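These notes are about the structure you will find just below.
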Amino acid sequence: MGEGDEDRDEPGWDVDPEDEQGAAVIAAVGRQLKVWRETAGVRVADFARRIGYGEDLVRKVEAGTRIPRPEYLDKADKALEAGGRILAMREDVEPVRYPKRVRGLAKLEARAVELCAYGNHNLHGLLQTEEYARALFEMRLPAQTPQEIERGIAARLGRRSIFERVPAPTLSFIQEEVTLRRPIGGKMVMRRQLERLLEVSQLRGVTIQVMPTDRDEHAGMGCLIHVLKFLDGTGVGRAEGRFHGRTVTDAKQLRVLDLCYGMIRSQALSPRESVAFIEQVLGET
């Protein structure tokens, strides 16, 4: 085993057997990689040595049971002088690492021109640091496998590309005060998470608001809300306390969620007040 092989064979890169579509993509990529290698007349052992990976891992990738990392494809492209054609497979491979359910959400977020999200248990996934997200995944019951945890974290972090889109979508987050004070992962993890919130709040098109616990009027009691709006005027939304928790696309139902979210937004601290509040909590943490 070469240097670093153990790190490269870490959990989170095995193919999910229940994800038929993803498994088919990785199987096809593996076959293409094998054809490239054999056409070049390179044995598995020699190829593994050239790219710095173990033979076992190379065989798993070519057999379609292991998702190749981006750097694996990069090194394979150079070692086999593929001129970028192997590297181009990254576009097909990257989404497969994420759980099927999350891939669907990521596609919707990629289309959205506006996102509205109210949360009262923990911070919204797009706002989470890797440490905070890991702490949440590790406390789930029944306990998840290391493989499931790594796939979940990778998917959550991958969705943060929404902050880099051009033109930037409008992103509105409302968080209950308790989500800022509950020390998920421990004190230092929470400090870094609060610092991340302050960073994100400065991004163009992003607003973060805090709903203080001492508010005596609250339109969102027992009602998590997540709404995505698209350029063509359509949208999709979900609220735990509305429409039996189902995802809705009907214009009238989305209007109800809009009204509820707007009321919560008006009752929460303003974006500027919220930044000051987060800074205060950070100072107390």
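The values are calculated or read from the model by the stated rules, or taken from the named source; none is laboratory data. Bear in mind that the values here come from a model prediction, so they are computed numbers and not experimental data. Counting neighbours? That spans all protein chains shown, and the Cβs are built from the backbone with ideal geometry, glycine included. Just the protein is used for accessible areas: all its heavy atoms, side chains included, with ligands, DNA and RNA removed. Shrake-Rupley method; radii C 1.70, N 1.55, O 1.52, S 1.80 Å.
Quick notes on this structure:
- In the condition set (1) modelled with pLDDT of 95 or more; (2) not in a helix (DSSP H, G or I), ASP46 is compliant with all but (2).
- Residue list for region 58-80, filter: more than 16 Å from ARG31 (Cβ to Cβ) and at pLDDT 95 or above: ASP74, LYS75, ASP77, LYS78, ALA79
- Condition met for PHE243 (free of Cβ contacts under 8 Å to residues at least 24 places away in the same chain and of a type outside the set (Asp, Glu)): yes
- Filter result for the condition that a residue is within 20 Å of ARG160 (Cβ to Cβ) and under 24 Å from the mean Cα position of the chain (by Cα), over ARG191, ARG238, ARG246: ARG191
- Residues in region 51-88 that are under 21 Å from ASP19 (Cα atoms) and in contact (Cβ under 8 Å) with a residue 60 or more places away in the chain: ARG69 alone.
- A count restricted to region 255-285 and to residues that are part of a helix (DSSP H, G or I) and open to solvent by 20 Å² or more (accessible area, probe 1.4 Å) stands at 20.
- Taking region 180-197 as the range and being buried (at least 21 other Cβ atoms within 10 Å of the Cβ) and within 13 Å of LEU126 (Cα to Cα) as the test, the residues that pass are GLN193, LEU197.
- For region 33-66, the set of residues classified as surrounded by 15 or more Cβ atoms within 10 Å (Cβ to Cβ) and polar (S, T, N, Q) consists of THR65 only.
- Top-ranked residue in region 85-134 [being among the acidic types (Asp, Glu) and farther than 28 Å from THR234 by Cβ; ranked as surrounded by the most Cβ atoms within 10 Å (Cβ to Cβ)]: GLU131
- Verdict on ARG246 being open to solvent by 50 Å² or more (accessible area, probe 1.4 Å), in contact with a strand residue (DSSP E or B) (Cβ under 8 Å, 6 or more places away or on another chain), farther than 21 Å from PRO169 by Cα and modelled with pLDDT under 95: yes
- Reported count of residues in region 161-179, each being more than 17 Å from LEU115 (Cβ to Cβ) and open to solvent by 50 Å² or more (accessible area, probe 1.4 Å), is 1.
- Considering region 259-278, and only residues there that are polar (S, T, N, Q) and over 26 Å from the mean Cα position of the chain (by Cα), the residue that is nearest to MET221 (Cα to Cα) turns out to be GLN267.
- Of the set (1) of a type in the set (Val, Ile, Thr); (2) in a helix (DSSP H, G or I); (3) farther than 29 Å from LEU259 by Cβ, all apply to VAL166 but (2).
- Against the list (1) under 23 Å from ALA239 (Cβ atoms); (2) modelled with pLDDT under 95; (3) among the aromatic types (Phe, Trp, Tyr), the condition PHE173 fails is (2).
The rows are residues; the columns are (1) in a loop (DSSP other than H, G, I, E, B); (2) under 23 Å from ILE153 (Cα atoms).
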| position | (1), (2) |
| --- | --- |
| GLN32 | no, no |
| TYR53 | yes, no |
| ASP56 | no, no |
| GLU71 | no, yes |
| ALA76 | no, no |
| ARG85 | yes, no |
| GLU91 | no, yes |
| GLU94 | no, yes |
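- Only one entry of ALA88, ALA112 meets the criterion of being at pLDDT 90 or above and either closer than 30 Å to ALA40 by Cβ or charged (D, E, K, R) (or both), and that entry is ALA88.
- Subset of region 198-218 [over 24 Å from the mean Cα position of the chain (by Cα) and surrounded by fewer than 16 Cβ atoms within 10 Å (Cβ to Cβ)]: PRO212, THR213, ASP214, ARG215, ASP216, GLU217
- Scan of region 92-143 for residues that are touching a residue at least 60 places away in the same chain (Cβ under 8 Å) and closer than 23 Å to ARG255 by Cα, ordered by number: LEU108, GLU109, ARG111, ALA112, VAL113, GLU114, LEU115, CYS116, ALA117, TYR118, GLY119, ASN120
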